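The values are calculated or read from the model by the stated rules, or taken from the named source; none is laboratory data. Fair warning: this is a prediction, and the values are worked out from it, not measured in the lab. Don't worry about glycine lacking a Cβ; one is built from the backbone with ideal geometry, like all the others, and counts go over all protein chains shown. To get the accessible areas, we keep the full protein, side chains included, count just its heavy atoms, and leave off ligands, DNA and RNA. Shrake-Rupley method; radii C 1.70, N 1.55, O 1.52, S 1.80 Å.
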Amino acid sequence: MHLSYCTNVHPAEDLDGVIAQLHAAAGPIRRAAGLDLLGVGLWLSAPLAARLANETAAPARLRAALGEEGLEVRTLNAFPYEAFHAEVVKLGVYRPDWTDPARLEYTVDAARVLAELLPPDGEGSISTLPLGWREGWDAAADRAATDALVALCAELRAIRAETGRVIRLAIEPEPGCVLDDVADTVAWLDAHRDRIDLEHVGICLDTCHLAVSFADPRTEVERIAAAGIRIVKLQASAALHVEHPGAPDARRAVAEYREDRYLHQVREQAASGPIRVDDLPEALEALPASAPWRVHFHVPLHLEPEPPLRATTEVLEAALDAVVAVQPVDQLHVDVETYTWSVLPGVDADHPVDLVDGVAGELRWAAARLAERQGQPA
């Protein structure tokens, strides 16, 4: 298993900014975490991916900065297209979707960049959105998205033939999207396996999203394996759990997580199945609050929220156990993805977060758990 942290936590979107963040944040994080080598799951905006894919000198500058800081790249996050740190992102993170040629172009650019950055022994992964947001999705949209993914598979095979580098797309189920959960994603890939090359397309298992769906990690991982689909990437993340959302103290506590930048889908664990709403303010207004909630808010792995809230790190640990049991994990990419540090309760311009200390703490937590599962000293 290869451990990294996702750089979508940083706002840089051009080459100079990304290189600066490697020196100012990623390198210091590696040293603070006590790691000789650290993976970075690079998030590259679409304009930067296009530049890196088409300019000879630009990738060399990036490789040099990575080498100077003891960093490597095995995975890219190509879910957000650009402007992931805008004042308001919300549903914008799902655009362009896989019906738009711009999504295919961006992902091909990302694949060509990753082929340039991979270590010699490495396979690469690129996580992407689960087709698009569900509203307005119809049969024509599904056909367009399928055609785009077929075209991407052809590009990935071509990159493999040209460079010898294996790069796989990892589709990331997310609440509210066309492929809302693991079951949706497995069913969709299985239905399209006559056209989509499952040697080059698999699943990104985001354990925050898995927790929000109230799914059993072992059941879902076994579902993936039974379909002959590869878990290409595991995004190590935790959701908020609210055991008694109707209690005044719990309601006050979870309300502190309302914020304007990102979408925070909520599910209530009703007897008939999860009750679904698309954002936390809507949940506070409309959900019955008679059963536990899970909130799509990525919380730091090593820092429990203040009671009565808690984090769903047990889902992450169970998912790791399940993945190790069903597939070889020598090339599994485990990417810590807590992009919400800047919008945590109490964080503002006057009270900024120490990202180096925070992300390093998460990496130490994750590295210890990976070592346990690989039979290595923590």
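Which residues, counting only those in the range 74-111, are in contact (Cβ under 8 Å) with a residue 60 or more places away in the chain and of a type in the set (Val, Ile, Thr)?
75, 88, 89, 93, 107 - these are the residues of the range 74-111 that are in contact (Cβ under 8 Å) with a residue 60 or more places away in the chain and of a type in the set (Val, Ile, Thr).
Sort out which residues of the range 291-317 are part of a loop (DSSP other than H, G, I, E, B), within 15 Å of residue 213 (Cβ to Cβ), within 22 Å of the chain's Cα centre (by Cα) and among the hydrophobic types (A, V, I, L, M, F, W, C), and write them in order of number.
Hits for the range 291-317: nothing passes.
Is it true that some residue in the range 42-52 is open to solvent by 40 Å² or more (accessible area, probe 1.4 Å) and either under 15 Å from the mean Cα position of the chain (by Cα) or touching a residue at least 60 places away in the same chain (Cβ under 8 Å) (or both)?
No, every residue in the range 42-52 fails to be open to solvent by 40 Å² or more (accessible area, probe 1.4 Å) and either under 15 Å from the mean Cα position of the chain (by Cα) or touching a residue at least 60 places away in the same chain (Cβ under 8 Å) (or both).
Would you please name the residue that is most open to solvent (accessible area, probe 1.4 Å), looking only at residues in the range 117-141 that are under 19 Å from residue 233 (Cβ atoms) and over 20 Å from the mean Cα position of the chain (by Cα)?
121
Identify the residue in the range 219-262 that is in a loop (DSSP other than H, G, I, E, B) and in contact with a strand residue (DSSP E or B) (Cβ under 7 Å, 6 or more places away or on another chain) and, among all such residues, is surrounded by the most Cβ atoms within 10 Å (Cβ to Cβ).
237
Could you figure out which of (1) part of a strand (DSSP E or B); (2) more than 26 Å from residue 9 (Cα to Cα) isn't true of residue 288?
Tallying (1) part of a strand (DSSP E or B); (2) more than 26 Å from residue 9 (Cα to Cα), residue 288 fails exactly one: (1).
Tell me the strands (runs of 3 or more DSSP E) entirely within the range 1-119 that contain at least 1 residues that are at pLDDT 95 or above and small (Gly, Ala, Ser).
In the range 1-119, the matching strands (runs of 3 or more DSSP E) lie at 2-6, 38-43.
For the range 156-204, how many residues are of a type in the set (D, E, K, R) and under 15 Å from the mean Cα position of the chain (by Cα)?
5
Of the conditions (1) part of a helix (DSSP H, G or I); (2) exposed (fewer than 14 other Cβ atoms within 10 Å of the Cβ); (3) free of Cβ contacts under 8 Å to residues at least 12 places away in the same chain, residue 147 clears all except one; give me its number.
The number of the failed condition is (2).
Read through the list (1) among the small types (Gly, Ala, Ser); (2) crowded, with 18+ Cβ neighbours inside 10 Å; (3) more than 17 Å from the chain's Cα centre (by Cα), then give the number of the only condition that residue 67 fails.
All conditions are met except number (2).
If residue 367 satisfies all but one of (1) crowded, with 18+ Cβ neighbours inside 10 Å; (2) within 21 Å of residue 240 (Cβ to Cβ), what's the number of the condition it fails?
Here residue 367 meets the rest and fails (2).
Any residue in the range 278-294 that's more than 20 Å from residue 177 (Cα to Cα): show its pairings with residues that are open to solvent by 30 Å² or more (accessible area, probe 1.4 Å) at Cβ separation under 6 Å, as long as the two are six or more apart or on different chains.
289/246; 291/269; 292/243; 292/269
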